[in-house]
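This report refers to the structure that appears directly beneath it.
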């Protein structure tokens, strides 16, 4: 399954390059350049971005939102929800900047309720990725909530909350191919 997901890491960068109007502030994905892809639709705060990866028989799409911490403009996240190419799995992937504390993982609150933490799975030059399977319960929570707050840590005690607008999440996810 990881091989099927590799091309979608590129979609985070693609959306950041193609959709500057969707980006609040700047984030780590903006450093990427030379990417191709298309913003197919806008759903509230979310954009559906599609690209046909090399060797793929069809284009792949992801739901994307780029955000930055209100009080820390150097701390940005790219939040991506996607269905794998075989349509058998749903993934929530978050790209966080380099320099964060990895062992604490990525915290998630929705409308003030603690949903849990995801571990970071790998880092590249554009940042570190945390990802989880987007199970029915989490999909429903994100679809009916108003604000998600992702927490990254710079020290074990210092979490930085980054709000993500959930307006349009359900419609955008349903629009994914």
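Evaluation of residue 143 against the conditions (1) in a helix (DSSP H, G or I); (2) closer than 11 Å to residue 96 by Cβ shows that the sole unmet condition is (2).
Within segment 122-160, the residues that satisfy the criterion of being more than 16 Å from the chain's Cα centre (by Cα) and more than 18 Å from residue 172 (Cβ to Cβ) are 125, 137, 153, 154, 155, 156, 157, 158, 159, 160. Taking segment 50-68 as the search range and keeping residues that are under 22 Å from residue 128 (Cβ atoms) and out of contact with any helix residue (DSSP H, G or I) (no Cβ under 8 Å at 6 or more places or on another chain), which one is modelled with the lowest pLDDT? Looking at the filtered set, the residue picked out is 68.
Would it be correct to say that residue 47 is modelled with pLDDT under 90, buried (at least 21 other Cβ atoms within 10 Å of the Cβ) and farther than 13 Å from residue 152 by Cβ? Full working, then the answer.
Values: modelled with pLDDT under 90: no; buried (at least 21 other Cβ atoms within 10 Å of the Cβ): yes; farther than 13 Å from residue 152 by Cβ: yes.
It is false that residue 47 is modelled with pLDDT under 90, buried (at least 21 other Cβ atoms within 10 Å of the Cβ) and farther than 13 Å from residue 152 by Cβ.
Within the option set 87, 177, being under 20 Å from residue 61 (Cβ atoms), loosely packed, with under 14 Cβ neighbours inside 10 Å and in contact with a strand residue (DSSP E or B) (Cβ under 6 Å, 6 or more places away or on another chain) holds for one residue only, 177. Would you check if there is a residue in segment 2-9 being out of contact with any strand residue (DSSP E or B) (no Cβ under 7 Å at 6 or more places or on another chain) and modelled with pLDDT of 90 or more? Scanning segment 2-9 turns up no residue that is out of contact with any strand residue (DSSP E or B) (no Cβ under 7 Å at 6 or more places or on another chain) and modelled with pLDDT of 90 or more.
Per-residue answers, yes or no, for (1) at pLDDT below 95; (2) over 20 Å from residue 50 (Cα atoms); (3) surrounded by fewer than 19 Cβ atoms within 10 Å (Cβ to Cβ):
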| residue | (1), (2), (3) |
| --- | --- |
| 125 | yes, yes, yes |
| 129 | no, no, no |
| 144 | no, yes, yes |
| 154 | yes, yes, yes |
| 173 | no, no, no |
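Pairing each residue of segment 75-104 that is at positive phi and free of Cβ contacts under 8 Å to residues at least 40 places away in the same chain with any residue that is assigned to a loop (DSSP other than H, G, I, E, B) and surrounded by fewer than 20 Cβ atoms within 10 Å (Cβ to Cβ), provided the two are 6+ apart or on different chains, yields C-beta distances under 9 Å for 87/177.
Take the residues in segment 69-109 that are in contact with a helix residue (DSSP H, G or I) (Cβ under 8 Å, 6 or more places away or on another chain) and in a loop (DSSP other than H, G, I, E, B), then tell me which one is farthest from residue 120 (Cα to Cα).
Here is the first cut: in segment 69-109, the residues in contact with a helix residue (DSSP H, G or I) (Cβ under 8 Å, 6 or more places away or on another chain) are 76, 78, 80-82, 84-86, 90-93, 95-98.
With in a loop (DSSP other than H, G, I, E, B) added as a condition, the list becomes 84-86, 97-98.
Values: 84: 19, 85: 22, 86: 24, 97: 11, 98: 11 Å.
Per the stated criteria, the residue is 86.
Which of the following residues is within 25 Å of residue 167 (Cα to Cα) and either exposed (fewer than 15 other Cβ atoms within 10 Å of the Cβ) or at pLDDT 90 or above (or both): 28, 73? So that I can check it myself, show each step before the final result.
On the way: 28 fails: either exposed (fewer than 15 other Cβ atoms within 10 Å of the Cβ) or at pLDDT 90 or above (or both).
Criteria check complete, one pass: 73.
The values are calculated or read from the model by the stated rules, or taken from the named source; none is laboratory data. Small disclaimer: the values here were computed from a predicted structure and weren't measured. Quick reminder, even Gly has a Cβ in these numbers, built from the backbone with ideal geometry, and neighbours come from all protein chains shown.
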